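Engineer: Pasting in a structure now, in structure tokens, and then I'll have a few things to ask.
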Number of protein chains: 2
Amino acid sequence: MTLTVRATILQTPEPGRLEVKEDQLISVDDHGQIVTVAPFDTANDRSPDVVLPANSVLLPGLIDTHVHAPQWPQLGTGLDLPLDQWLFEYTFPMEARFADLGFARNVWRDMVPTLLGAGTTTAVYYGSIHEPATVALAEACIEHGQRAFVGRVAMDHPEGTPEWYRDPDASSAIDATLRSVQAIEALSGAETLVRPILTPRFIPACTDALLTGIGELAEATGTLVQTHCSENDWEHNYVLDRFGVSDTHALEQFGLVNDHTVLAHGVFLGIDDRQTLIGRGAGVAHCPLSNAYFGDAVFPARQSIEMGLRVGLGTDIAGGPDHSILHNCAQAVNSSRVLQDGVDPSLARDDRGRPDSRIDVTTAFWMATVGGAELLGLPVGLIEVGRAFDAIVIDLESIRWPHIDDWDRTFEKVIRRASDAAIQQVWVDGRDVTPLG
Amino acid sequence: MTLTVRATILQTPEPGRLEVKEDQLISVDDHGQIVTVAPFDTANDRSPDVVLPANSVLLPGLIDTHVHAPQWPQLGTGLDLPLDQWLFEYTFPMEARFADLGFARNVWRDMVPTLLGAGTTTAVYYGSIHEPATVALAEACIEHGQRAFVGRVAMDHPEGTPEWYRDPDASSAIDATLRSVQAIEALSGAETLVRPILTPRFIPACTDALLTGIGELAEATGTLVQTHCSENDWEHNYVLDRFGVSDTHALEQFGLVNDHTVLAHGVFLGIDDRQTLIGRGAGVAHCPLSNAYFGDAVFPARQSIEMGLRVGLGTDIAGGPDHSILHNCAQAVNSSRVLQDGVDPSLARDDRGRPDSRIDVTTAFWMATVGGAELLGLPVGLIEVGRAFDAIVIDLESIRWPHIDDWDRTFEKVIRRASDAAIQQVWVDGRDVTPLG
């Protein structure tokens, strides 16, 4: 037994349901796995290694299913630009700088601890096209103790990418992808914590040959896949024009829709697309803030979850301006309210929105924990026996005013009000990875 | 000359325009008024009292034009409730607790410094129906140095209010309102800093007799007025049913739409309503986050500003969950994007949103500064000669990653990323009012 923690647990085993377990003793073995969770027994239990301060609670660690790591330096900027300009004049030039491994390491040294400090115990990263910078990102995750999927981006389409930031051709992109997968798998400590993920950027940036090759790699190696899918009008219609089928079905034909495939955004997925994804065990990284800028509409999270689609939450750094998954939980609720109520006051009430769309903070937090874990196939997302101990401590004092009457309201306040400063301690795989300062 | 400050100023004299004045010397007289703003002259200027650290910038203080002070304890909670239940079962019981002056003082002691620390140099407060708690709020603003309008809430309608939290009748409500106005005006230090404001809660909570009486008080005393107006479908239609005219015109008939009247929300104002408000010099406190919960649609900020309507920004604590006006600036931009693009992905692109609705961060910040100042008739909102020195210092180091290339992007990053912790120093009326710890 390597770790015992005495704490009150707040978590969401299902959408819409808060589970409160007051004053528990959690025991974690030396593989980081939770072996017991039971009410603390003052008479018989020995003094735990960690006793949470009064006015603190323990939550499952947060899962960010969509992060563009090399966009970290531009976080919070450029969102007034149209997508095309944002990509070609603002974002690709930034990503191209990660050819400089020293620059990349500087960024990772800032980003990974910042995200851990914000409670992101698992992150699914897009890297850049650069193998050294991408492998260095995996190394940074291992060093700082963050659970992660890390993908070297593959992008070779002569129209969908700039000449100065692309793979020279499909075959070299596929080779580089495979080398980066092998390099990440070979890292010491990677077995349990950091995994590679195949990352064709999105269909407009990839030739058919590249998509075919990455699909074959997925089949041959069993490596997970991430890409963007039906993010906005332009991208959705581009794929329809190019292949005559939806993004989902095009990706499926290339072998890129598999168990635990992470599809970012999915705003324009049709019912049929979602059924395909459900059948294959793929799902969506819902990025509510990013969608307000580049999505053209709101992803119907509730309808998708109710259909049985796997849905996690994502910051989409830096298409979304906020690195905090807690903040993105609150934003997911905001977006769902606006989807239900509509936006234009000059329309009649019944013509304005989309009924039965709203979610509450428990469903948002479920996406940020259990939903993300199911999407990725990871045994995390709840503090219960058999799962890895990925958890965060929230200081309730910091989200004043004085604590309220009941746990439901306290939990709501945590989701809507907690900033990074409210997160006192962070564990991944049973290891204390709280960043300094 | 009581204060000299050397700083780089970022501010927005008009919607859509960032003004950058690098390395200025600002001189403030002993009335708190700015007397010179000029490039710092290393050869001739004496050493200033305050030199901003490198990587800090000076912004005008933020103006929150709509705060329900007695809802501070419930901030961030209850937003899943329907409006009726939120009011009668959650919010009115909280407000009723302010009968206890000791409780009220405890809340003000927490709230006022927290808002100052978030950069809110001017706040427009709804109090409760309690005269002592309301006057104590004005005292707290004076003590901590926050510029404020403070209003004792008047509400006497037997259907729109609960028996245990209402004025017994119109006449006693009017008397109490007048007494609270006089008590606030009599406070030492109130002349320049804290003013009373007449505060009929909203039409559904007020009898005709009360609305008439408050209108007469406004006429007789020249005191400013605040209330809610066309906030959502229910309230908008309630007034139409009761008076056969829109909220704006009903309020106008009661003498409650005057120069610098603050009307919270205004989501459902028609063109004609807005023209009436423009003609009278009244305006709207736009509360973007609150509207996502209780507004049923998005206030068309850009269209309203372009028409010439006065528009400030408000947190609507606690109908909105976030006390930070900077965060509400970012939210105002988000909301405007969603208004323009629409929400329902199953609709055709052209049927989804409302064209020409988006604003950028400069327009949002303009509402939070110049717009609020014009709405209230206060000489603040810009750091320029003749205005009071209400200003905040933003630490750019805290909004990493590394500072960007240009001021436009830096300013965007401030609006989208700065938390309370980024605000290093706060002045109101030339006085350093930075809260401790």
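Engineer: How well do other chains shield peptide A:325-335, expressed as the mean number of their Cβ atoms within 10 Å of each residue Cβ?
Structural biologist: 3
Engineer: Still on this structure, I have one more. Consider just the alpha-carbon atoms of chain B and return their Rg together with their Dmax, both in angstrom.
Structural biologist: Taking only Cα atoms of chain B, I get Rg and Dmax of 21.2, 70 Å.
Engineer: Please list, in order along the stretch A:291-300, the HN-Hα scalar couplings obtained from phi with the Karplus expression 6.51 cos²θ - 1.76 cosθ + 1.60 (θ = phi - 60°), rounded to whole Hz, x for Gly and Pro.
Structural biologist: 4, 5, 9, 10, x, 6, 5, 10, 5, x
Engineer: Determine, from the Cβ-Cβ distance of residue B:109 and residue A:348 and an R0 of 45 Å, the FRET efficiency 1/(1 + (r/R0)^6), rounded to the nearest 0.05. It would help to have the intermediate numbers written out before the result.
Structural biologist: Working: r = 47 Å, r/R0 = 1.03.
The computed FRET efficiency comes out at 0.45.
Engineer: Ignoring the sites themselves, what is the longest stretch of chain B with no GluC sites (Glu not before Pro) in a DSSP loop and at most 10 other beta-carbon atoms within 10 Å?
Structural biologist: B:164-437
Engineer: Show me you know the interface measure: the accessible area buried between B and A, both chains summed, probe 1.4 Å, in Å² to the nearest 100.
Structural biologist: The B and A chains share an interface burying roughly 4900 Å².
Engineer: While we're on this one: If you line up the Cα atoms of the stretch A:169-260 on their principal axes, what length do they span on each, largest first, in Å?
Structural biologist: If we take the Cα atoms of the stretch A:169-260, the spans are 44, 25, 19 Å.
Engineer: In addition: Give the Cα extents of the stretch A:99-252 along the principal axes, in whole Å, largest first.
Structural biologist: 45, 31, 30
Engineer: Another question, if that's okay. To one decimal in nm, how far is residue B:208 from the same spot in the other copies, if labels go 7 Å from Cα toward Cβ? Please give the shortest first.
Structural biologist: Once sorted, the set of distances for residue B:208 reads 7.6 nm.
Engineer: What whole-number distance in Å separates the alpha-carbon centres of the stretch B:341-410 and the stretch A:405-435?
Structural biologist: 30
Engineer: So what's the gap between the Cα centers of the stretch B:250-270 and the stretch B:1-65, to the nearest angstrom?
Structural biologist: Result: 35 Å between the Cα centres.
Engineer: Which percent of the accessible area of the protein assembly as shown is formed by carbon and sulfur heavy atoms (probe 1.4 angstrom)?
Structural biologist: Roughly 48 percent of what the probe reaches on the protein assembly as shown is carbon or sulfur.
Engineer: Further question: Quick check: residue separation of residue A:192 and residue A:44 times 0.36 nm, minus the Cα distance between them. What number comes out in nm?
Structural biologist: Extending this stretch completely gives an extra 49.9 nm.
Engineer: Where in chain A are the DSSP H helices whose alpha-carbon span along the long axis reaches 18 Å or more and whose Kyte-Doolittle mean is at least 0.5?
Structural biologist: A:208-221
Engineer: What fraction of the DSSP beta bridges in the protein assembly as shown is antiparallel, stated in percent and rounded to the nearest 5?
Structural biologist: Expressed as a percentage, antiparallel bridges in the protein assembly as shown total about 45.
Engineer: Assume the label is 7 Å from Cα along Cα to beta carbon: what separations in nm does residue A:97 have to the matching positions in the other copies?
Structural biologist: Counterpart label points of residue A:97 in the remaining copies fall at 4.8 nm.
Engineer: Moving on. Do any residues of the stretch A:282-298 show a loss of at least 40 square angstrom of accessible area between the isolated chain and the full protein assembly, using a 1.4 Å probe, and if so which?
Structural biologist: By number: A:292, A:293, A:296.
Engineer: Report the FRET efficiency, 1/(1 + (r/R0)^6), for residue A:182 and residue A:85, where r is their Cβ-Cβ distance and R0 is 41 Å, rounded to 0.05. Before the final figure, lay out the partial values.
Structural biologist: Details: r = 36 Å, r/R0 = 0.89.
In this case the efficiency is close to 0.65.
Engineer: What share of the DSSP beta bridges in chain B is antiparallel, in percent to the nearest 5?
Structural biologist: 45
Engineer: Please build a GNM for chain A, connecting alpha carbons under 10 Å apart, and tell me which residue among A:271, A:399, A:63 fluctuates the most.
Structural biologist: A:271
Engineer: List the residues of the stretch A:55-78 that lose 20 Å² or more of accessible area once all protein chains are present, compared with their chain alone (1.4 Å probe, heavy atoms only, no ligands or nucleic acids).
Structural biologist: Checking the loss per residue gives A:72, A:73, A:75, A:76, A:77.
Engineer: Between A:186, A:250, A:170, which gets the highest mean-square fluctuation from a Gaussian network model of chain A, Cα cutoff 10 Å?
Structural biologist: The residue that fluctuates most here is A:186.
Engineer: Quick one: divide the alpha-carbon radius of gyration of the stretch B:272-364 by 2.2 N^0.38 Å and tell me what you get.
Structural biologist: Rg over 2.2 N^0.38 Å, computed on Cα atoms: 1.10.
Engineer: Using protein chains only (no ligands, no nucleic acids) and a 1.4 Å probe, work out which residues of the stretch B:343-358 have their accessible area cut by at least 20 Å² relative to the chain alone.
Structural biologist: B:343, B:344, B:345, B:349, B:352, B:354, B:358
Engineer: Another question, then. Residue by residue through A:268-274, how many Cβ atoms from other chains fall within 10 Å of the Cβ on average? Walk me through the numbers before you get to the answer.
Structural biologist: On the way: counts 2, 1, 2, 1, 0, 0, 0.
Mean partner shielding for this stretch: 1.
Engineer: Further question on the same structure: What residue among A:84, A:64, A:408 has the largest mean-square fluctuation in a Gaussian network model of chain A, using Cα springs under 10 Å?
Structural biologist: So, out of A:84, A:64, A:408, the one fluctuating most is A:84.
Engineer: Projected area of the stretch A:355-437, taken from the Cα convex hull and averaged over every viewing direction, in nm²? Please list the in-between numbers first.
Structural biologist: Numbers: hull surface 29.5 nm².
Spelled out: convex hull of the Cα atoms, projected over all directions, averaged, 7.4 nm².
Engineer: On to the next question. Among the lysines, which fall within straight-line cross-link reach of residue A:413, defined as a Cα-Cα distance under 29 Å, with same-chain neighbours fewer than 8 residues apart omitted?
Structural biologist: A:21, B:413
Engineer: Here is a follow-up. Gap in Å between the Cα centre of the stretch A:67-131 and the Cα centre of the stretch B:187-215?
Structural biologist: 51
Engineer: Where the label is 7 Å out from Cα toward Cβ, how close does residue B:219 come to the same position in every other copy, in nm, shortest first?
Structural biologist: 8.4
Engineer: Please report, largest first and rounded to whole Å, the three semi-axes of the ellipsoid equivalent to the stretch B:1-119, where each semi-axis is the square root of five times an eigenvalue of the C-alpha gyration tensor.
Structural biologist: One finds semi-axes of 42, 18, 11 Å for the stretch B:1-119.
Engineer: Further question on the same structure: If I take all pairs of Cα atoms in the protein assembly as shown, what percentage of them are more than 57 Å from each other?
Structural biologist: 9
Engineer: Moving on to the next point. With a cut-off of 8 Å between alpha carbons and a minimum separation of six or more residues, what is the relative contact order of chain A in percent?
Structural biologist: Contact order relative to length: 21 percent.
Engineer: Before I look further, what does the stretch B:62-376 give for accessible area per residue, probe 1.4 Å, in whole square angstrom?
Structural biologist: 29
Engineer: Per DSSP helix of 4 or more residues, -39500 (n - 2.57); summed, then divided by the residues of chain A. What does that give at 222 nm, rounded to the nearest 500?
Structural biologist: Helix contribution divided over all residues of chain A: -10500 deg cm²/dmol.
The values are calculated or read from the model by the stated rules, or taken from the named source; none is laboratory data. For clarity, every value in this text was computed on a predicted model and none was experimentally measured. Positions of Cβ are backbone-derived with ideal geometry, glycine not excepted, and every protein chain shown enters the neighbour counts. To get the accessible areas, we keep the full protein, side chains included, count just its heavy atoms, and leave off ligands, DNA and RNA. Shrake-Rupley method; radii C 1.70, N 1.55, O 1.52, S 1.80 Å.
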